[in-house]
Amino acid sequence: MQGNPYIRIEYLIGSDKVEKIKQAHVAIFGCGGVGSFAIEGLIRSGVKEVTLIDFDTIDVSNLNRQLMSNATNIGQRKVEVMRDRILSIHPDVMVHLKPIYFNEESELSFEPFDYVIDAIDAVPSKIEIMRRAEQADVPLIMALGTARKLDPTQLRLSDLYHTSYCPLAKKVRILARKEGLRNIKVVTSLEESKEATFVPELNKVVVGSMIFVPASAGLLLASTVIQDLCQDDVIIKKMK
């Protein structure tokens, strides 16, 4: 590739900070509506090593909001499709794949990571991510509920213990407080959730979603990670 693909970023934040971003290793849990846009934001901002954790495959219902999904890759593993997208942008990125459902039994060390993004919905898994990030002293940012919402202007960067209007936040907050887990940086929405829909033919309640809030939340996660990595007091492990 000829030229410097990061030149516009250097004009904005300087070459020293771009080099710091390039050395960072970020783990992203979840490659869905939120996670896929977070990954895209990181890669286009210079992150050169990522670990993608997601057990799922692409479904036709993902086409409305998940960045890497299209009519040709239905049924493929999300982490693999996301890897191919990453390498099509910057072939020199190191991409580690973990096609697993992450829980307390998962063998995954957080020690190599410089930052962790949690973009999943399962509450027990979110708590386990919090536990391991705290044990490894790795900064973590967590996405809270983005489904059943329409207005991305109501997204906020907050602390888990200062959230409202989010049923997912309430569940996570209660369990985190019981375990004495430290304050966690989150992306949350002040918008009240719309009602879920009961689908008779499926005999279950289905949560509706559109691209606007998940995508915006993913980019806000990535923006926060990049800004945090650029802080003078943050030491990237490869640069020690």
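The values are calculated or read from the model by the stated rules, or taken from the named source; none is laboratory data. All of these numbers come straight from a predicted model, not from anything done at the bench. Don't worry about glycine lacking a Cβ; one is built from the backbone with ideal geometry, like all the others, and counts go over all protein chains shown.
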Those residues that are free of Cβ contacts under 8 Å to residues at least 60 places away in the same chain and assigned to a helix (DSSP H, G or I), I need them from segment 1-38; list them, please.
ILE7, ARG8, ILE9, GLU10, TYR11, LEU12, SER15, ASP16, VAL18, GLU19, LYS22
In segment 69-122, anything small (Gly, Ala, Ser) and under 28 Å from TYR6 (Cα atoms) is listed as SER69, SER88, ALA119
Quick check on ASN62: is it part of a loop (DSSP other than H, G, I, E, B) and either free of Cβ contacts under 8 Å to residues at least 40 places away in the same chain or among the β-branched types (Val, Ile, Thr) (or both)?
no
Filtering segment 153-186 for residues that are under 16 Å from ILE141 (Cβ atoms) and either surrounded by fewer than 11 Cβ atoms within 10 Å (Cβ to Cβ) or in contact (Cβ under 8 Å) with a residue 24 or more places away in the chain (or both) leaves a count of 18
Counting only residues that are hydrophobic (A, V, I, L, M, F, W, C), farther than 25 Å from LEU229 by Cα and part of a helix (DSSP H, G or I), how many does segment 137-168 have?
1
Qualifying positions in segment 103-120 - surrounded by fewer than 22 Cβ atoms within 10 Å (Cβ to Cβ), farther than 22 Å from GLY180 by Cβ and in contact (Cβ under 8 Å) with a residue 60 or more places away in the chain:
PRO112
The residue that is nearest to the chain's Cα centre (by Cα), considering only those in segment 32-53 that are closer than 18 Å to PRO112 by Cβ and either of a type in the set (Gly, Ala, Ser) or surrounded by 23 or more Cβ atoms within 10 Å (Cβ to Cβ) (or both), is ILE39
What's the total number of residues in segment 196-234 that are surrounded by fewer than 13 Cβ atoms within 10 Å (Cβ to Cβ) and aromatic (Phe, Trp, Tyr)?
1
Condition check for ASP16: surrounded by fewer than 23 Cβ atoms within 10 Å (Cβ to Cβ), within 16 Å of the chain's Cα centre (by Cα) and closer than 29 Å to GLU111 by Cβ:
no
Taking segment 153-174 on its own, how many of its residues are among the basic types (Lys, Arg), over 19 Å from PHE212 (Cβ atoms) and out of contact with any helix residue (DSSP H, G or I) (no Cβ under 8 Å at 6 or more places or on another chain)?
1
From the option list GLU134, GLU80, GLU111, single residue qualifying as among the charged types (D, E, K, R) and part of a loop (DSSP other than H, G, I, E, B) is GLU111
Being in contact with a Lys or Arg (Cβ under 6 Å, 6 or more places away or on another chain) and modelled with pLDDT under 95 is the filter here, so list the residues in segment 140-159 that pass it.
ARG148
